Amino acid sequence: MTDTAPTRTVVIEREMPHPPERIWRALTENSLIQQWLMSNDFQPVVGHHFQFRSTPVPNWNGIIDSQVLVVEPHARLAYSWGTLGMESVVTFTLTPTPEGTHLRMEHSGFPSEESASYKGAKYGWTNFLGNLERVVGGLD
Amino acid sequence: MVLLVKPVNANHLFRALADPTRRAIFEELSRQGEQTVHALTRYAGVSQPAVSKHLTVLKRAKLVRHRHQGRETHYRAQPDALAPMVDWLRHYGAFWRDRFDRLENLLNRMDK
C-alpha cells in the first residue's frame, strides 16, 4: 500500500525559498493566515476550536468550523475542516531543504479515524483508486 | 482570481467509502459487474449479514443498485454516484492552489 493520497485527498506540494520558521508563522498567526487564507480565530493549541469565515453565499453562511489536531512547530500542523456537516482534515507538512522548505498540504475527505483500519486491510486502495481515476478523468 | 469557498457536500460518499470492506465490495462490483450477495460474501470474507449491512450503506449513498431474482438479490455498481466526490476534489484542488499562490505572495512580502 503505497501513497494513494492523490485521489482520496487534495494534495498541494510546493518548494518554497523560505525557511520553515517563516512559513510556520504564515500558517499560525491570525493576521498572516487572514492574508492568504481567511479571517479566523486560530490558536496553535491542540484541541482549540476555531472558525474560518469567508463571504457568505446562497445556502451557506461562509463559516468553516475547525479544531486544531496537530501542532509540531515548524514541522506539522493539522486541523479539522467542517462545512455543512461534512468533516474533513487539512494537514500541512514542512520539510527543510537546502533551498528553503518543501511544503505539503493534504486535505482529506475521509474520516481520520479510518486511516488506521484501512492500512491493515487486506484490500488495497490501488484498484479502487484505479476505478476512481477513470471516473475523475481529466481532473488535474 | 476570486474563488469562493463553495461548499460541496460529499459527506455521505466519503462515509460510505471510508470502510475498507465497503470499498472492496464497491470495487468488486465495478470490476466484475453484477454480483449476488452470496458471491460478494465469498469475495469479502465476512459474514453475509455483515455484507448485507455494507450493501445497505452503499445503497443509501446510491453507489449500488439491486434487483431481486428468485431468492437471490443481485447488486451492481453505480459509478456515477461518485460525482460529488469528484466535485469535492476538483473544488478544493482549485481552492488550495489559489490560496497557495496567495501564501507565496505573502511570504515574499514578509521577506522584505
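The values are calculated or read from the model by the stated rules, or taken from the named source; none is laboratory data. Keep in mind that what you see is a predicted model, and the values were worked out from it rather than measured. Note that each Cβ is placed from the backbone with ideal geometry, even for glycine, and that neighbours are counted across all protein chains shown.
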- Evaluate the range B:48-55: report whether one residue or more is β-branched (Val, Ile, Thr) and modelled with pLDDT of 95 or more. yes
- Could you please let me know if B:Gly70 is at positive phi and more than 9 Å from chain A (Cβ to nearest Cβ)? yes
- Task: Name the helices (runs of 4 or more DSSP H) wholly inside chain B in which the number of residues that are touching an Asp or Glu at 6+ places or on another chain (Cβ under 6 Å) and crowded, with 16+ Cβ neighbours inside 10 Å is 1 or more.
- Result: B:11-18, B:37-44
- Per the filter on the range B:93-110, residues at the interface with chain A (Cβ under 7 Å from one of its Cβ atoms) and either in contact (Cβ under 8 Å) with a residue 40 or more places away in the chain or charged (D, E, K, R) (or both) are B:Arg97, B:Arg99, B:Arg102, B:Glu104
- Working only within the range B:23-43, note down all residues that are under 18 Å from B:Arg60 (Cβ atoms) and modelled with pLDDT of 90 or more. B:Ile25, B:Phe26, B:Leu29, B:Val37, B:Leu40
